[in-house]
């Protein structure tokens, strides 16, 4: 679940959008408006009179997969470079 900057936990999560059609899906988190009304940070996110408070996060599937692949390559390179450096220290 998502936690707001004031530390309040979302009460519900819903996923919107269709899967596998080339558009990004969205996770929408719902918060308790009664907590928002008394929150010291309400000026930044709560509008007086609002019946609901939501926060949406886009799911970037293609970008995410590319990032995971990039991260794996980076980790492998670091391990290879550390192995080369440790062998050089031994032979020197």
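Read-outs: derived from the displayed coordinates by stated rules, not from any lab. What you are looking at is a predicted structure, and each value in this text was computed from that prediction instead of being measured. Cβ placement follows ideal geometry from the backbone for every residue including glycine, while neighbour counts extend to all protein chains displayed.
Rounded to the nearest angstrom and ordered from largest down, what semi-axes does the equivalent ellipsoid of the range 1-59 get from its C-alpha gyration tensor (root of 5λ)?
26, 11, 9
Given a Förster radius of 22 Å and the C-beta distance between residue 78 and residue 55 as r, what FRET efficiency does 1/(1 + (r/R0)^6) yield to the nearest 0.05?
Result of the calculation: an efficiency of 0.05.
Take 27, 62 and order them by how many other Cβ atoms sit within 10 Å, fewest up front.
With the fewest neighbours first, 27, 62 line up as 62, 27.
What is the spin-label model distance, in nm, from residue 34 to residue 12 if the labels are put 7 Å beyond Cα along the C-beta direction?
1.5
What FRET efficiency comes out for residue 19 versus residue 66 if R0 is 25 angstrom and r is the Cβ-Cβ distance? Round to the nearest 0.05.
E(calc), rounded to 0.05, equals 0.85.
Label-point separation (nm) for residue 43 and residue 27, each offset 7 Å from Cα along Cα-to-Cβ?
My value for the distance between the label points is 3.1 nm.
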